[in-house]
1. The conditions are (1) in contact with an Asp or Glu (Cβ under 7 Å, 6 or more places away or on another chain); (2) touching a residue at least 24 places away in the same chain (Cβ under 8 Å), and LYS149 fails exactly one of them. Which is it?
2. Only residues in the stretch 125-139 that are modelled with pLDDT of 85 or more count as the first member; pair them with residues that are open to solvent by 80 Å² or more (accessible area, probe 1.4 Å) and not acidic (Asp, Glu), Cβ under 7 angstrom, at least 6 apart or cross-chain, and list the lot.
3. Those residues that are under 40 Å from the mean Cα position of the chain (by Cα) and either surrounded by 18 or more Cβ atoms within 10 Å (Cβ to Cβ) or among the aromatic types (Phe, Trp, Tyr) (or both), I need them from the stretch 45-58; list them, please.
4. Of all residues in the stretch 148-190 being out of contact with any strand residue (DSSP E or B) (no Cβ under 8 Å at 6 or more places or on another chain) and surrounded by 13 or more Cβ atoms within 10 Å (Cβ to Cβ), which is nearest to ASP200 (Cα to Cα)?
5. Tally the residues that are under 14 Å from PHE145 (Cβ atoms), of a type outside the set (Val, Ile, Thr) and in contact with a helix residue (DSSP H, G or I) (Cβ under 9 Å, 6 or more places away or on another chain), restricting the search to the stretch 168-210.
6. Please pick out the residue among GLU37, GLU18, GLU48, GLU66 that is at pLDDT 90 or above and of a type in the set (D, E, K, R).
7. For the stretch 94-114, state whether one or more residues are modelled with pLDDT under 90, more than 30 Å from ARG143 (Cβ to Cβ) and open to solvent by less than 50 Å² (accessible area, probe 1.4 Å).
8. For the stretch 163-185, give me each residue that is among the small types (Gly, Ala, Ser) and under 24 Å from the mean Cα position of the chain (by Cα).
Amino acid sequence: MADHPHFLQADKQNLQVERAGTDARVEPLQLGQRVREIRLSQNLTLEEASRLTGLARSTLSKIENEQISPTFSAVTKLVNGLGIDMPQLFTQPKRNRSGGGRRDITRHGEGLPHPTPTYEHELLATNLSAKKMIPYRTVVRARTFDEYKDWVRHDGEEFLYVLSGELMLYTEFYEPLRLSTGDSAYYDCEMGHALVSVSDEDASVIWVTA
């Protein structure tokens, strides 16, 4: 339909590719690395950890260096000796991330315009690729629900924050809800939804889709 935010399709595809790439990079748990991480977080030497757990220093060293896999008995001794619970031991170690600190600034009125018959979208942070969320500001031009030929729906979840004015939030499975400046809503955007301005001036909102 004409009111469907088509710009979301390309960005959502990029977002899905990015997530797929992230999933592909998930590594199997390295138990030895996790044991070393816990030991060092407690400022324990191998000798001290050996005394606490009842495991030989050489055995601990081999476990930490992935040279042997600990038996269930050894895992139990590690958990009890280090004063942790089983889930802590099997939590994925934190990875060092590089290349972080991305930033994009959109000055007032300098977003990418994308008008539709019912909405006047302004896309934000358009210089960043593979975003994990899609932010945009929208002026709601629709004055009645009848202006929509069908429900607006697309993949993902959406957060809506009312910047100015008042509007009605129509959703497929709920009664219409009146929202005022400062109100917000979070919903599954595969569910049909639409906004209608009911104040003297067209309402404006911030949308974040993920």
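The values are calculated or read from the model by the stated rules, or taken from the named source; none is laboratory data. Model, not experiment: these values are computed from the prediction. Quick reminder, even Gly has a Cβ in these numbers, built from the backbone with ideal geometry, and neighbours come from all protein chains shown. Calculation scope for accessible area: heavy atoms of the full protein, side chains included, ligands and nucleic acids excluded. Shrake-Rupley method; radii C 1.70, N 1.55, O 1.52, S 1.80 Å.
1. (1)
2. THR126/LEU112
3. ALA49, THR53
4. Checking each candidate, the answer is GLU190.
5. 4
6. None of the other options fit; the residue is GLU48.
7. no
8. Correct list: GLY182, SER184, ALA185.
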